[in-house]
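A quick write-up on the structure given underneath.
The values are calculated or read from the model by the stated rules, or taken from the named source; none is laboratory data. Note that the structure is a prediction, hence the values are computed from the model and not measured. As a convention, Cβ positions derive from the backbone with ideal geometry for all residues, glycine included, and neighbour counts pool all protein chains shown.
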Amino acid sequence: MEKSDVFKLCDVVRQTAYEIHVFLGLGHVEKVYENALAHRLRKKGIEVFQQHQSKVFDEDGELLGLFYADLFVDNQLIVEIKAVNHVLEEHVAQILGYLCSSNIDHGLLVNFGSQKFQIQKFISPKVKK
């Protein structure tokens with residue numbers, strides 16, 4: 001998919017994640033949902049990297065550390081997966097931090113652990129409106 005199709009890509013990920021939520025139900029660890037989503041997206045011909053490593057730099061270029069995004073989809077979308085009862089502020093802060101640190105503009109936070117399917121779209125705070 002082209003960069004301009006990131007919103008279509010989000011729709012595909014959203015629908016695929018929902019189908020996994022219906023099929024698997026509740027009670028699995030995050031890794032099961034991560035593997036399921038990566039597998040199904042790859043079957044659709046979408047490039048997916050699991051536990052994708054990204055570097056975090058200080059303003060002067062000093063390497064501060066690393067983070068590992070659950071999924072990096074089509075070189076333009078970070079997907080963070082949770083299997084919790086409720087999405088917390090820390091989960092939102094995590095994906096926003098990943099977006100800022102990686103220079104990736106778009107992210108999805110998917111929670112498979114709630115009775116009601118939960119997915120939120122985020123745009124990096126660095127993106128000018």
> Taking the stretch 41-73 as the region of interest, how many residues are touching a Phe, Trp or Tyr at 6+ places or on another chain (Cβ under 7 Å) and of a type in the set (D, E, K, R)?
Replying inline: 0
> In the stretch 68-92, what residues are of a type in the set (Gly, Ala, Ser) and either buried (at least 23 other Cβ atoms within 10 Å of the Cβ) or not in a loop (DSSP other than H, G, I, E, B) (or both)?
Replying inline: 69
>> Let me spell it out: the conditions are (1) within 18 Å of residue 124 (Cα to Cα); (2) of a type outside the set (Ser, Thr, Tyr); (3) surrounded by 11 or more Cβ atoms within 10 Å (Cβ to Cβ), and residue 103 meets all of them except one. Which number is the exception?
In response: (3)
> Picking from 57, 49, which residue would you name as being exposed (fewer than 15 other Cβ atoms within 10 Å of the Cβ), over 23 Å from residue 7 (Cβ atoms) and out of contact with any helix residue (DSSP H, G or I) (no Cβ under 6 Å at 6 or more places or on another chain)?
Replying inline: 57
> What residue, among those in the stretch 23-50 that are assigned to a helix (DSSP H, G or I) and touching a residue at least 60 places away in the same chain (Cβ under 8 Å), is farthest from residue 119 (Cα to Cα)?
Replying inline: 24
>> Which condition from (1) over 20 Å from residue 23 (Cα atoms); (2) surrounded by 13 or more Cβ atoms within 10 Å (Cβ to Cβ) is the one that residue 126 breaks?
In response: (2)
>> Here is a list: 66, 26, 9. Which entry is farther than 17 Å from residue 80 by Cβ and either at pLDDT below 95 or in contact with an Asp or Glu (Cβ under 6 Å, 6 or more places away or on another chain) (or both)?
In response: 26
